[in-house]
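Take a look at the structure set out below.
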Amino acid sequence: MRFEPTAIGDVVLILPQRLADERGYFAETFRQNLFEQEIGKWSFIQDNQSLSKERGTVRGLHFQRGPQSQGKLVRCVAGAILDIAVDIRPSSRNFGQHVAVELSEANGHQLWVPPGFAHGFCTLVPDTRVVYKVTQYYSAAHEGGVRWNDPKLRISWPVSADEAVLSAKDKVRPLFDDLVGDLMEDEASG
């Protein structure tokens, strides 16, 4: 298992090694001691899975505020996604910047998205399944989001606004600039 820092060093791409033979392959997808050695000590307390039926389904950009801020270990077990992590920590030198990586069943890569990031993805093929571990339980009271296609974030999504398949909530998320004050208050109180 290799751990590769991304352009935002706190976000880490994890490349499990696949041992292949005529039957297929075997891969160790998580190992606590290596994760702690390379990334730090985190406890995962919930696993989530999503199925997106259509290509161009966008889920995100989501986050949880304050003490319920979640770290996520994301992988795609069927299909393929463009996975996005946006730094929403006001005191970070990378505030407002993002990392984009392709995660797929074929490449087996995973992405560690630490607390303090908005996360989302777009499916590249139909019938895509994504699984991820989180470090905090879901809390509706702490839920937040950023408009997926906010021009300020300069994310090169693989679909246009007309093509994207979105939830009703994600269609009306606030723009990044409209959240900055709230994010600064959250950081000051945290």
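Some observations on this one:
- Out of THR123, THR128, one residue alone is open to solvent by less than 10 Å² (accessible area, probe 1.4 Å) and more than 14 Å from the chain's Cα centre (by Cα). It is THR128.
- Matching residues, segment 45-83, being surrounded by fewer than 19 Cβ atoms within 10 Å (Cβ to Cβ), closer than 13 Å to VAL131 by Cα and of a type outside the set (S, T, N, Q): ASP47, LEU51, VAL77, ALA78
Every residue, every condition in (1) hydroxyl-bearing (Ser, Thr, Tyr); (2) open to solvent by 50 Å² or more (accessible area, probe 1.4 Å); (3) farther than 30 Å from LEU19 by Cβ, yes or no:
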| site | (1), (2), (3) |
| --- | --- |
| GLY96 | no, no, yes |
| VAL99 | no, no, no |
| LEU103 | no, no, no |
| TRP112 | no, no, no |
| GLY116 | no, no, yes |
| ALA140 | no, yes, yes |
| TRP148 | no, no, yes |
| LYS169 | no, yes, yes |
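- Test for ARG129: is it touching a residue at least 12 places away in the same chain (Cβ under 8 Å), of a type in the set (D, E, K, R) and part of a loop (DSSP other than H, G, I, E, B): no
- ASP170 modelled with pLDDT under 95 and either under 27 Å from PHE26 (Cα atoms) or not polar (S, T, N, Q) (or both): no
- One residue from ARG2, ARG23 being touching a Leu at 6+ places or on another chain (Cβ under 6 Å), more than 30 Å from ASP170 (Cα to Cα) and charged (D, E, K, R): ARG2
The values are calculated or read from the model by the stated rules, or taken from the named source; none is laboratory data. Note that this is a predicted model, so its numbers are computed, not measured. Positions of Cβ are backbone-derived with ideal geometry, glycine not excepted, and every protein chain shown enters the neighbour counts. What goes into the accessible areas is simple: the full protein's heavy atoms, side chains included, and nothing from ligands, DNA or RNA. Shrake-Rupley method; radii C 1.70, N 1.55, O 1.52, S 1.80 Å.
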